1. Out of region 66-80, which residues are surrounded by fewer than 16 Cβ atoms within 10 Å (Cβ to Cβ) and under 12 Å from residue 108 (Cα atoms)?
2. Could you list, in sequence order, the residues of region 22-42 that are within 27 Å of residue 9 (Cβ to Cβ) and of a type in the set (Gly, Ala, Ser)?
Amino acid sequence: MSSKEKVIKILEELSLDELREARSCIDNLITRIKKNGATSQKKADEEARILMERREQERFYEIFICKLERADKQGEATFQGTVVDISRTGLRLKTDKKLETGSVLILSPDYDRIYKKIYVEVIRVKEFMGQYEIGVRHILPDDNTKK
């Protein structure tokens, strides 16, 4: 027996007053679902607008080698990456190491002899022929990322 048939069978056993109350509950449920759907659409539209703004930002195509390390594993192992482009909010780099979205990295340009640290969060990972293209956004270090 399908779900629809089960519901009809239950409804057939209700009195007229109970059916009216059920209709009221169903109408409220439909209204709530429509409202949430509209909210979800607004959220999707806003995310699309933000994505377009990011793509329209001025980019600087600077290719240079950098050292990377995971903020939660400082001092354990550094690995190398190549910065491909930089925008106001983040940068794109390539590396051989697979990283997960949400990882916090410490980036140090290889040419920097002062060893400045740039904290970034991985927001996008794309694999291509054994290399990973990583999209990151700049973040400020907090107590969770410092040692």
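1. Filtering region 66-80 down to residues surrounded by fewer than 16 Cβ atoms within 10 Å (Cβ to Cβ) leaves 72-80.
Answer for region 66-80, where residues must be surrounded by fewer than 16 Cβ atoms within 10 Å (Cβ to Cβ) and under 12 Å from residue 108 (Cα atoms): 78, 79, 80.
2. Listed by number, the residues that qualify are 22, 24.
Any read-out appearing in this document is the output of simple, stated calculations on the displayed coordinates, not a laboratory observation. Being a predicted model, the structure only gives us computed values, none of them experimental. All Cβ positions, glycine included, derive from the backbone under ideal geometry; neighbour counts span all protein chains shown.
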